[in-house]
Amino acid sequence: MSIIILAIESSCDDTSAAVSKDAKILANVIAGQKVHELWGGVVPELASRAHQQNIVPVVDLAIQQAGISRDEISAVAFTRGPGLIGSLLVGVSFAKAFALAKNLPLIEVNHMQAHIVSHFIDSNPSFPFLCLTVSGGHTQIVLVKNFLEMEVIGETLDDAAGEAFDKSAKLLGLPYPGGPLIDKYSKQGNATKFLFPEPQIKDFDFSFSGVKTSILYFLQKETKKNPDFIKENLYDLCASIQKTIVDILLKKLAKAAKKLEIKEIALAGGVSANSELRTRFEELGKKNSWATYIPKFEYCTDNAAMIAIAAHYKFLNKEFSNQQAEPLARYHL
Ligand code: KG4
Ligand code: ZN
């Protein structure tokens, strides 16, 4: 019999529902939330309310697009964490209610684990592989031993890579989320025009708060001399900031791959949508004879398809949750 999973993702500001059948994605519906743009960042209370409004239509549409009936579903999966507690609560409560109504088993999924397992939607890295997971809330280098067993070997001590993009963008006066805009404007800029210092952090850990501070001080100094400095240099500033962040990420990844002698290397998480990171990751892979993996664009940022795939392997392993499950804002791999 086929395994059909209905998966719900609501950890941050995207409400998403997906349906998978035997690990193939039949539907992946994502409703973004424009309401945060005004505020320069995700407002947790507004995110929870938007999830409440979106969740029923998003799930309905996913089931409709998948062309399945509710009675065919084998299990309901949900993101248990990490994420914003109010946002998670909406998805967890909906999944529990749906499972109760249809008498279905529940499967809880760790959002970061799901970002990593998203590789198996369209490709098939062999174990063990290394995954650089870069999102708005996390930056980790993970040793992936199998679908369910993963070890974090390096992570950020302060801001995440996505936060570094978004906070730098905010300093440049760009709206939230600034990461994709920095990516876009960088294409027309000179990445070596401005140099920002790279932090010296031990082993495979990262730090981005120093980079942000040096950008802030640099902009303060230059705009004092020329109030139009940002406007006149926007593209070069974006390209230089992007290069600094990508340099930091790829240096650590290369160091980890060398030390662990692993040549199967993957990228995951929202920041892996960044075009410079994707291109330079592939170049680095060629230079080091790595087999490289990057999820398709739509599976890089938050989506429920990755929750469905992670849940599929948990289903096979008979790892079920129950009606007592609560969301977890912090949830380690
Ligand atoms: O994984 P994700 O969708 O949500 C979290 O789990 O955090 O990642 C969102 C992050 C945001 O910080 C966003 O600015 C960043 O990914 N991002 C990008 C790009 N697309 C999304 N950063 C740089 N370049 C991009 N093209
Ligand atoms: Zn994410």
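Using equal-weight Cα scatterers in the Debye expression, the normalised intensity of the chain in log10 at q = 0.06, 0.09, 0.10 Å⁻¹ is -0.21, -0.48, -0.58.
FRET efficiency for the pair LYS187 and LYS24, taken as 1/(1 + (r/R0)^6) with r the Cβ-Cβ distance and R0 = 51 Å, rounds to 0.90.
Taking only protein heavy atoms and a 1.4 Å probe, the accessible area of the chain is 53% carbon and sulfur.
So who's got an amide H within less than 5 Å of the one on PHE206, skipping anything under 5 residues away but keeping other chains? H placed 1.01 Å off N, in plane. Hits under the 5 Å cutoff: GLU155, THR156, LEU157.
Among rounded, prolate and oblate, which fits region 1-143 when a ≥ b ≥ c are the square roots of the eigenvalues of its C-alpha gyration tensor, a/c under 1.5 means rounded, and a/b larger than b/c means prolate? Before the final figure, lay out the partial values.
Details: a/c = 1.80, a/b = 1.05, b/c = 1.70.
Verdict is oblate for region 1-143.
Placing unit charges on the Cβ atoms only, positive for Lys and Arg and negative for Asp and Glu, gives region 188-333 a dipole magnitude near 380 debye about its Cα centre. Annotation: amide H of MET150 within the under-5 Å range of LYS145, sequence separation 5 or more or interchain, hydrogens built in the peptide plane.
The Cα atoms of region 203-333 give a gyration tensor whose axes a ≥ b ≥ c have a/c of 1.5 or more with a/b greater than b/c, which makes the shape prolate. In order along region 42-55, the Karplus-derived 3J(HN,Hα) couplings, from 6.51 cos²θ - 1.76 cosθ + 1.60 at θ = phi - 60°, round to 6, 9, x, 5, 5, 5, 4, 5, 5, 4, 4, 6, 7, 4 Hz, and Gly and Pro are given as x.
Calculate, for ASN124 and LEU61, the FRET efficiency according to 1/(1 + (r/R0)^6) with r their C-beta to C-beta distance and R0 35 Å; round to the nearest 0.05.
E(calc), rounded to 0.05, equals 0.75.
Helix 305-316 and the longest principal axis of the Cα set of the chain meet at an angle near 50°. Taking amide hydrogens as placed 1.01 Å from N in the peptide plane, the amide H of LEU26 sits under 5 Å from those of VAL19, SER20, LYS21, each at least 5 positions away in sequence or on another chain. Peptides 120-132, 165-177 ordered by packing proxy, namely the average of other Cβ atoms within 10 Å per residue, highest first: 165-177, 120-132. Relative to the longest principal axis of the Cα atoms of the chain, the long axis of helix 209-225 lies at roughly 40 degrees. Fully extending the segment from PHE229 to GLU198 would add 8.9 nm, taking 0.36 nm per residue of separation and subtracting the current Cα-Cα distance.
In debye, nearest 20: dipole of the chain around its Cα centre with unit charges on the Cβ of K, R (+) and D, E (-)?
Dipole size: approximately 540 debye.
Which value, in nm² and rounded to one decimal, describes the direction-averaged projected area of the C-alpha convex hull of region 125-294?
Numbers: hull surface 37.5 nm².
Quarter of the Cα hull surface area: 9.4 nm².
Using the Cβ of THR15 as centre and a radius below 14 Å, the other residues enclosed give a net charge of -3, where K and R count +1 and D and E count -1. Could you give the nm distance between label points at ILE262 and LEU216, where each point is 7 Å from its Cα heading toward the beta carbon? About 3.4 nm, to one decimal. Accessible surface of GLU72, taken over heavy atoms with a 1.4 Å probe and every protein chain present, rounds to 90 Å². Using the 1.4 Å probe convention, the accessible area of the chain works out to 45 Å² per residue with neighbouring protein chains retained. The order of the peptides 266-274, 319-327 by mean Cβ neighbours within 10 Å, most packed first, is 266-274, 319-327. Angle check, please: helix 275-287 long axis (alpha carbons) against the longest principal axis of the chain (alpha carbons), in degrees 0 to 90, nearest 10. It works out to around 90 degrees. On the beta carbon distance between LEU157 and ARG70, with R0 = 51 Å, the FRET formula returns roughly 0.65. Accessible area of ASP302 (1.4 Å probe, protein heavy atoms only, ligands and nucleic acids ignored): about 30 Å².
The values are calculated or read from the model by the stated rules, or taken from the named source; none is laboratory data. Small disclaimer: the values here were computed from a predicted structure and weren't measured. Ideal geometry is used to build each Cβ from the backbone, glycine not excepted, and the neighbour counts take in all protein chains shown. In case anyone asks, the SASA skips ligands and DNA or RNA and just uses the protein heavy atoms, side chains included. Shrake-Rupley method; radii C 1.70, N 1.55, O 1.52, S 1.80 Å.
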